[in-house]
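Engineer: What follows is a structure written as structure tokens; I'll ask about it next.
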Ligand SMILES: [Cu+2]
């Protein structure tokens, strides 16, 4: 049938419609599909992985997913991920406090309840392989408007030198005007100090600070005056010696409050044990391993939610108790990056912090002399006002004493952040920072993980505070130490975004585990409350795609500093380097216990002889992974061993 003009017009219209539909609706998705397919093919190609590595998301069974706040590699080769209440107040209220044991060898998982809320405490591995966790959450914050009862800090004074005074939770403090406030948790006020002098004894009152809340709600119980409070129900002779000195009682925002409790996790029995309480409650403390095997606790919010004013204390793993170092009073904001250095009795404060503290105190990096408590500033760091939520780590073998400070942002919810990487050589007589390469974008919360080939993975983070404005970076870089501040090469991009409450760890098989992320919002416009990221993701560095790895067929379980140890390997000629990487822990992108130690080696017919450095400052006692690295930078699987020796752990 011949086509009429009208039919031809209709047919043409259909054709146009079909093309329009294809172009307008189907074509972009089709092109998107093709682009994704091409991208997948690229990132899974051997050539790409040899250059950039690859990421794999780990599937954890739904019942074993946790809000990973803290991560630690244990001598058993398993990873402990600690959530506590995991920044969920309902889990805090119901005491559903969690930790998850994850075995990277087979992906198996096991949930282990934790005995107290370790959420936002500090952690580090002890020389004997136990994980020490100290501090955590005694109480969640109450934001402006959520405070119903006036509250504040009450210093409870005891002037009696003969007896300690328990102050149980619920003790009532009465103001001169008759307003009543109740303490929220138990406290014990030690006896007053009595000092003999030539004219007789002088008694100095002891004191403990407790948090108190008004018995009656509302503004009527606000008391702006600092004054002395009586303790209700005490006989008169006792109330002369035991009383409160109250700070202003207000309806202001109340910060998180820390606990003084501490626990160890036994990596063999896989159980938690309570150890001695700290002298101070701490939320957001840093636990720094010292060269003699003890652990130093610094900073944190105390039991009333105030930043500790420089109080420093030491954990002794032999007695499992804490002792305040009253001579060490440097003030640090929370989660300070404080590292043990090769300099005798000097710690390095990298200036990195996370959480709380004013802009004008404790923000300058420097060397902290533990003999005289002085902090000598280390100059030259760029963007010195952008150190909140930054990262710091030794780069290359710790013998080089070179540390990088990476990224960071302004304090509080500042939208400012920096791409800066600066490096300091602490071996120099007057150390100073020099510029390194810039990250591809300004970055808060970068995860820094030292690798056995002397490079460092820098991954994830976000541009804005807690990923606001959908600002997570799906980016990673490999940092290569070297002259002029080192260089960066591109690493494969992670699939999962990570900002606040994230951590990364090197695994014995040479891969890197990343966990956690706690965005404030889930959407670009900051309207939908954020969801905690419970997926794990593992990075396989380029060296895992460059052919067969050197093999360790036999190596000792324990070595001593200064020892020479035989490590059997089928191809000794291949081995170029040997490294010890300390089993590390991480929280809030703060990891002060990771370090790589270079070992001198000699090849033999059966393997290599490695020399364990003699200095405890280079290789403090504890558990390490031994890696043999070949001429192409390919490491063996890490062999976990214990390093001990004279002058080290007080346990030995
Ligand atoms: Cu936190």
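The values are calculated or read from the model by the stated rules, or taken from the named source; none is laboratory data. Worth saying up front: this structure is predicted, and the values here are computed from it rather than measured. Using ideal geometry, Cβ is built from the backbone for each residue, glycine included, and neighbour counts are taken over all protein chains shown.
Yes/no matrix, rows are residues, columns are (1) within 16 Å of the ligand (Cβ to nearest atom); (2) under 20 Å from residue 535 (Cβ atoms):
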{"residue": "95", "(1), (2)": "no, no"}
{"residue": "98", "(1), (2)": "yes, yes"}
{"residue": "123", "(1), (2)": "yes, no"}
{"residue": "133", "(1), (2)": "yes, no"}
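Engineer: Out of all the residues in segment 488-506, is one or more at positive phi and either in contact with a strand residue (DSSP E or B) (Cβ under 8 Å, 6 or more places away or on another chain) or buried (at least 19 other Cβ atoms within 10 Å of the Cβ) (or both)?
Structural biologist: So far as segment 488-506 goes, yes, one or more of its residues are at positive phi and either in contact with a strand residue (DSSP E or B) (Cβ under 8 Å, 6 or more places away or on another chain) or buried (at least 19 other Cβ atoms within 10 Å of the Cβ) (or both).
Engineer: Kindly check whether there is at least one residue in segment 55-65 that is under 21 Å from the mean Cα position of the chain (by Cα), at pLDDT 95 or above and part of a loop (DSSP other than H, G, I, E, B).
Structural biologist: Scanning segment 55-65 turns up at least one residue that is under 21 Å from the mean Cα position of the chain (by Cα), at pLDDT 95 or above and part of a loop (DSSP other than H, G, I, E, B).
Engineer: Which residues, taken from segment 103-127, are buried (at least 22 other Cβ atoms within 10 Å of the Cβ) and part of a strand (DSSP E or B)?
Structural biologist: 122, 123, 124, 125, listed by residue number.
Engineer: Does residue 109 satisfy the criteria of being within 30 Å of residue 189 (Cα to Cα) and either more than 16 Å from the ligand (Cβ to nearest atom) or touching a helix residue (DSSP H, G or I) at 6+ places or on another chain (Cβ under 6 Å) (or both)?
Structural biologist: no
This table checks each residue for (1) touching a residue at least 40 places away in the same chain (Cβ under 8 Å); (2) in contact with a strand residue (DSSP E or B) (Cβ under 9 Å, 6 or more places away or on another chain); (3) crowded, with 22+ Cβ neighbours inside 10 Å.
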| site | (1), (2), (3) |
| --- | --- |
| 591 | yes, yes, yes |
| 599 | no, yes, yes |
| 605 | no, no, no |
| 611 | yes, yes, no |
| 619 | yes, yes, yes |
| 624 | yes, yes, yes |
| 631 | yes, yes, no |
| 638 | yes, yes, yes |
| 641 | yes, yes, no |
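Engineer: Take the residues in segment 566-589 that are touching a strand residue (DSSP E or B) at 6+ places or on another chain (Cβ under 6 Å) and within 16 Å of the ligand (Cβ to nearest atom); name whichever of them is farthest from residue 334 (Cα to Cα).
Structural biologist: If we take residues in segment 566-589 being touching a strand residue (DSSP E or B) at 6+ places or on another chain (Cβ under 6 Å) and within 16 Å of the ligand (Cβ to nearest atom), then 585 is farthest from residue 334 (Cα to Cα).
Engineer: Could you please find all residues in segment 472-491 being under 21 Å from the mean Cα position of the chain (by Cα) and in a loop (DSSP other than H, G, I, E, B)?
Structural biologist: Those that are under 21 Å from the mean Cα position of the chain (by Cα) and in a loop (DSSP other than H, G, I, E, B): 473, 474, 475.
Engineer: Condition first: at positive phi and not in a helix (DSSP H, G or I). Can you find one or more residues in segment 207-216 that meet it?
Structural biologist: The answer is no; no qualifying residue exists.
Engineer: If I filter segment 149-166 for residues that are more than 15 Å from the ligand (Cβ to nearest atom) and under 17 Å from the mean Cα position of the chain (by Cα), do I get at least one hit?
Structural biologist: Scanning segment 149-166, I find no residue that is more than 15 Å from the ligand (Cβ to nearest atom) and under 17 Å from the mean Cα position of the chain (by Cα), so the answer is no.
Engineer: Please note which strands (runs of 3 or more DSSP E) are completely contained in segment 221-270 and include at least 3 residues that are under 17 Å from residue 155 (Cβ atoms).
Structural biologist: Strands (runs of 3 or more DSSP E) meeting the threshold: 227-231, 242-246.
Engineer: Now for a different question. If I go through segment 44-54 residue by residue, how many of them are out of contact with any strand residue (DSSP E or B) (no Cβ under 6 Å at 6 or more places or on another chain), outside any loop (DSSP other than H, G, I, E, B) and either without any contact (Cβ under 8 Å) to a residue 24 or more places away in the chain or surrounded by 12 or more Cβ atoms within 10 Å (Cβ to Cβ) (or both)?
Structural biologist: 5
Engineer: Right, here's the next one. Against the condition under 31 Å from the mean Cα position of the chain (by Cα), buried (at least 19 other Cβ atoms within 10 Å of the Cβ), closer than 21 Å to residue 222 by Cα and at pLDDT 95 or above, how does residue 135 come out, does it pass?
Structural biologist: no
Engineer: Another question, then. Would you please name the residue that is surrounded by the most Cβ atoms within 10 Å (Cβ to Cβ), looking only at residues in segment 352-383 that are within 16 Å of the ligand (Cβ to nearest atom) and assigned to a loop (DSSP other than H, G, I, E, B)? It would help to see each step written out before you state the result.
Structural biologist: Taking segment 352-383 and keeping what is within 16 Å of the ligand (Cβ to nearest atom), we get 352-357.
If we keep only those that are assigned to a loop (DSSP other than H, G, I, E, B) too, we end up with 352, 354-357.
Numbers: 352: 29, 354: 27, 355: 24, 356: 21, 357: 24.
Applying the filter and picking the extreme gives 352.
Engineer: Residues being surrounded by fewer than 18 Cβ atoms within 10 Å (Cβ to Cβ) and in a strand (DSSP E or B): count how many of those fall in segment 549-559.
Structural biologist: Qualifying residue count, segment 549-559: 2.
Engineer: Exactly one condition in (1) away from the ligand (no atom under 16 Å from the Cβ); (2) in the same structural domain as residue 313 (by TED's automatic domain parsing); (3) in contact with a strand residue (DSSP E or B) (Cβ under 9 Å, 6 or more places away or on another chain) is false for residue 170; which is it?
Structural biologist: (2)
Engineer: Within segment 77-93, work out how many residues are within 16 Å of the ligand (Cβ to nearest atom) and either part of a loop (DSSP other than H, G, I, E, B) or not assigned by TED's automatic domain parsing to the domain that holds residue 272 (or both).
Structural biologist: The qualifying residues number 4.
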